[in-house]
1. Which condition breaks for LYS152 when tested against (1) out of contact with any Leu (no Cβ under 7 Å at 6 or more places or on another chain); (2) at pLDDT 95 or above; (3) of a type in the set (Lys, Arg)?
2. Can you confirm whether the range 63-78 contains a residue that is β-branched (Val, Ile, Thr), within 22 Å of the chain's Cα centre (by Cα) and farther than 22 Å from ASN106 by Cβ?
3. Hey, among PHE17, PHE52, which residue is under 30 Å from ILE194 (Cβ atoms), aromatic (Phe, Trp, Tyr), in contact (Cβ under 8 Å) with a residue 12 or more places away in the chain and out of contact with any His (no Cβ under 9 Å at 6 or more places or on another chain)?
4. Taking only the range 31-43 into account, find how many residues are in contact with a Phe, Trp or Tyr (Cβ under 7 Å, 6 or more places away or on another chain), free of Cβ contacts under 8 Å to residues at least 60 places away in the same chain and under 23 Å from LEU206 (Cβ atoms).
5. If we scan the range 62-75, do we find a residue that is exposed (fewer than 14 other Cβ atoms within 10 Å of the Cβ) and either modelled with pLDDT under 95 or in a helix (DSSP H, G or I) (or both)?
6. Give all pairs with beta carbons closer than 7 Å in which a residue from the range 55-69 that is over 15 Å from TYR156 (Cβ atoms) meets a residue that is at pLDDT 95 or above; count only pairs at least 6 apart in sequence or on separate chains.
7. Would you pick out the residues in the range 1-54 that are closer than 15 Å to ILE170 by Cβ and under 15 Å from the mean Cα position of the chain (by Cα)?
8. Residues in the range 90-105: is at least one touching a Lys or Arg at 6+ places or on another chain (Cβ under 7 Å) and either of a type outside the set (S, T, N, Q) or exposed (fewer than 15 other Cβ atoms within 10 Å of the Cβ) (or both)?
Amino acid sequence: MSIDPYLVLVYVHIVLFVYWLGGDLGVYVTSKFVANRNLSLEERFRFMDALFVCDMGPRTALILLLPVGLEMARIIGVISISPAIGGIVWLFSFIWLGVNWWMFYNQRHALTATLRTYDLYVRYALIALLIGGAMYSIVSGGPVTALWLQVKLLVYAVVISLGVYLRTEITKWIIGFGMVRQGGEAADKGNTIIEEALLRSQRAALVLWSGVALAAFLGKVKPF
């Protein structure tokens, strides 16, 4: 009995999709407790730890969906790239994923802040590459030849952009908790900063989930 490599990739693609949305749901639920000013700081930080664990699901999925999706597109012939380029993307993605997991387990390491900056640059570059590649393909007809995949690349770029935006809201949490630790009037202002950041983050998360769902629809249904 032979196993079709494409079907294996489809299975992995589905698993990554599940872990992305499932992890994001965990982030969404725990974030409410992180922002709850009626809980003690210790409880809120425990929920924040749980939030960061849940967030590794979407982070992992976002990175691995790049080589998995690219290889699926190459196999069915809707993107014109050589296997060598595909191999480079796989290697880069595994290194990128390894760096993200290293940062997760070494959050207080001196190198982590620098790696986070480079990770952000990678995401900016990937956003530009996805948008540029999709738009060029729409105009010229290649290297991505299917319209549904061209649109999916644009949606993927939007999803990554929203993830970058959510990082900026997390920095506001850090500022807010610094003020909460001071107590008194500063604590009230800090909690307000955290609550407002949470509200903006939840709105962005809903758009992000819609984008992920749309990308899955485009890849499965291939409406055009």
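The values are calculated or read from the model by the stated rules, or taken from the named source; none is laboratory data. Since the structure is predicted, the reported quantities are computational estimates derived from the model, not experimental observations. When we count neighbours, we look across all protein chains shown, and the Cβ atoms used for this are built from the backbone with ideal geometry, even at glycine.
1. For LYS152, the exception is condition (1).
2. Yes, the range 63-78 contains a residue that is β-branched (Val, Ile, Thr), within 22 Å of the chain's Cα centre (by Cα) and farther than 22 Å from ASN106 by Cβ.
3. Criteria check complete, one pass: PHE52.
4. Selection size over the range 31-43: 1.
5. no
6. Correct list of pairs: MET56/PHE104; THR60/LEU97.
7. ASP24, VAL27, TYR28, LEU51, PHE52, VAL53, CYS54
8. Yes, that holds for at least one residue.
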